[in-house]
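The values are calculated or read from the model by the stated rules, or taken from the named source; none is laboratory data. It should be emphasised that the depicted structure is a prediction, and the values quoted were computed from it without experimental measurement. Methodologically, a virtual Cβ is constructed for each residue, glycine included, from the backbone with ideal geometry; neighbour enumeration extends over all protein chains shown. We work out accessible area using only protein heavy atoms, side chains counted, and drop any ligands, DNA or RNA first. Shrake-Rupley method; radii C 1.70, N 1.55, O 1.52, S 1.80 Å.
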Amino acid sequence: MQLSEQVRTGYVLKVYPRFSETFIVTEILAREAAGEDIHIFSLRQASDPRFHPELARVQAPVTYLGRPARLAEGWMVIAEAERTVPGFGASFARMLPELARADAGEVHQGIELAVQATRRGITHLHAHFGSLAARTAAIAAALAGIRFSFTAHAKDLFHEAVDEDVLRSLMASASHVVTVSDFNAGFLRAIAPDSAGKVRRIYNGLELGRFPYLPPSALHSPLRIAAVGRLVEKKGFRHLIDAVAALQAAGVSTVTRIAGGGELEEDLAGRIARLGLERSVELLGPRTQNEVIELLRWADVFVAPCVVGADGNTDGLPTVLLEAMALGVPVVASAVTGIPEVVGHDDGGRQTGILTVPGSTGELVAALQEVTRPGFDRIGMAGAARRLVERNFDAAIQSAALRDLQYQSTAVHSRSQPGRATPVDFAPADAALSPVLTQSAGR
């Protein structure tokens, strides 16, 4: 029997589906296309009625884990685990001191996840985000005797609420840790040098066939500017609005469309009104991925003016930025976390976009003026950006890297357990898991 036939992966997500997390759907689709056996576990019910059409292509069954509302229901979960999970009693007893101090909801969902994973023959759990999903996967994996891993993104690393002790503990107990930029990988290795060897940078992928390249057409008049993202501080849209006002004052005619919804919608609308930009800046609200593609096709330039929020919240490497680059839309973006790894110049010195200082309205103005400058090589820049995306962000290649990383982990373990197809006897050391459980109690 091939190793691929022995491996069944459980994806652990806080909420599935989530409108803003298209990168997870793309990853699952790519792994399914490669023949992998995937099951999705969601810790919360989805409440957002908006869905992307791509969700209909996902074949993986979805299990929503319950959250006991009464103590008696919690005991029922434990009793079911005792009947279902081999060795559960011994594992539970060993972990009980830590479990007793942990958040009861996370423990119960961890136990139920261990039950569901055992029933479905799951051999590996992979969580997205090094927060609730990873903590729950860690508990379940320890109880079920399987391995787990997680992908760290942005808010789970760069936010005042992030507890680095918890991150270190998760990294210590995980088989491997994936993150989406070299910047993130360096951060994780720095805070957890003992686990540095487990960290791998694997960029989020795109289904390149859905983003066919077209060279930029002649500039429109007025200049068409597009931006996409949740209307939250870290996206920096207020700086884009200010830049548009400065351009208008300088005699550069523009029309700007910003897609996305969020807590700052009223503030941004007020800013647009105060600056007298109602006729040139439009807040479109949330858009599906196909609608975003239409918006990008409309635009002369795409802008990602990201900043570091007051609470430390920072964007990673926005997927829509990569989509714009794939489609052939010239991009302007600010230098936060992983963005300079794609925007600026490639290894051959070819310009892939214009990079600005985060929060600098003046640099945004200068970058947008540069795009409109006669003789500016928009076609050359767009072509270099597309080639960079093809090299580093092909979903099929990225998902294969994820699969190989997981299979290597399984193969190493299987060699240590001759005759056993799955890593059923793995359990993280109590010392490694303990801080995860203790810290989760306060969440």
By the Cα gyration tensor axes a ≥ b ≥ c (a/c under 1.5 gives rounded; else a/b larger than b/c gives prolate, otherwise oblate), the shape of segment 117-205 is prolate
In the chain, what % of DSSP beta bridges are antiparallel (nearest 5)? 5
Is segment 198-270 best put as rounded, prolate or oblate by its Cα gyration tensor, with a ≥ b ≥ c the root eigenvalues, rounded for a/c under 1.5, and otherwise prolate when a/b is larger than b/c, oblate when not? oblate
Sorted on mean Cβ neighbours within 10 Å (highest first), peptides 298-308, 274-284, 363-373 come out as 298-308, 363-373, 274-284
Note down the magnitude of the dipole of the chain about its Cα centre, charges +1 on Lys and Arg C-beta and -1 on Asp and Glu C-beta and zero elsewhere, to the nearest 20 debye. 500
At VAL252 and SER47, where each label point lies 7 Å from the Cα along Cα→Cβ, what is the point-to-point distance in nanometres? 4.1
Collect residues whose amide H, placed 1.01 Å from N in the peptide plane, falls under 5 Å from the amide H of VAL331; neighbours closer than 5 in sequence don't count. PHE302, ILE354
Euclidean distance of C-alpha centroids, segment 19-62 and segment 243-261, integer Å: 36
Reduced to Cα centres, the span from segment 67-114 to segment 329-369 in Å works out to 49
Sum up the charges of everything whose Cβ sits under 11 Å from the Cβ of THR22, counting Lys and Arg as +1 and Asp and Glu as -1, but leave THR22 out. -3
Using amide H atoms built in the peptide plane, which far-off residues or other-chain residues are under 5 Å from HIS345 H to H? THR352
Expected 222 nm ellipticity per residue - DSSP helices of 4 or more, -39500 (n - 2.57), all of the chain, to 500: -13500 deg cm²/dmol
Applied in sequence order to segment 107-112, the curve 6.51 cos²θ - 1.76 cosθ + 1.60 (Karplus, θ = phi - 60°) yields integer Hz couplings, x standing for Gly and Pro, of 5, 4, 5, x, 5, 5
Please list, or write none, the aspartates and glutamates whose alpha carbon is within less than 15 Å of the alpha carbon of LYS234, excluding same-chain residues fewer than 8 places away. ASP156, GLU160, GLU263, GLU265, ASP267, ASP311, ASP315
Give me D for segment 180-226 in µm² s⁻¹, whole number, from Stokes-Einstein with Rh from the Kirkwood sum over alpha-carbon pairs, 25 °C and 0.890 mPa s. 170
Ordering GLU106, GLU291 by how much accessible area each has at a 1.4 Å probe, largest first, what is the list? GLU291, GLU106
Sorted from largest down, give the three principal axis spans of the alpha carbons of segment 74-116, whole angstrom values. 24, 19, 15
May I ask which residue of PRO222, LEU188, THR254 lies farthest towards the positive end of the charge dipole of segment 166-283, with charges of +1 (Lys, Arg) and -1 (Asp, Glu) on Cβ and the Cα centre as origin? LEU188
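When a/c reaches 1.5 or more, the comparison of a/b and b/c decides; with that in mind, is segment 276-384 rounded, prolate or oblate per its Cα gyration tensor?
Numbers: a/c = 1.27, a/b = 1.09, b/c = 1.16.
Rounded, since a/c falls under 1.5.
Tell me the carbon and sulfur percent of the accessible area for the chain, rounded to whole percent, probe radius 1.4 Å. List each step's numbers first, then the result.
Values: 9230 of 17780 Å².
Of all accessible area on the chain, carbon and sulfur atoms account for 52 percent.
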Of LEU405, LEU113, which has the most accessible area with a 1.4 Å probe, and how do the rest follow in descending order? LEU405, LEU113
For segment 239-359, share of DSSP beta bridges that run antiparallel, in % to the nearest 5: 15
By average C-beta atoms within 10 angstrom, highest first, the peptides 224-233, 87-96, 182-191: 224-233, 182-191, 87-96
What is the Cα convex hull volume of the chain when expressed per residue in Å³? 141
Go through 133-145, 58-70 and give me the packing order, highest mean Cβ count within 10 Å leading. 133-145, 58-70
Just want to confirm a number: the relative contact order over the chain, from Cα pairs under 8 angstrom separated by 6+ residues, in percent. 19
From the phi angles alone, apply the Karplus equation (6.51, -1.76, 1.60; θ = phi - 60°) to segment 126-140 and give each ³J(HN,Hα) in whole Hz, x where the residue is Gly or Pro. 10, 9, 9, 5, x, 10, 3, 4, 5, 4, 5, 4, 4, 5, 4
Filtered hits (lysines, Cα-Cα < 29 Å from LYS235, offset >= 8 within chain) -> LYS14, LYS155
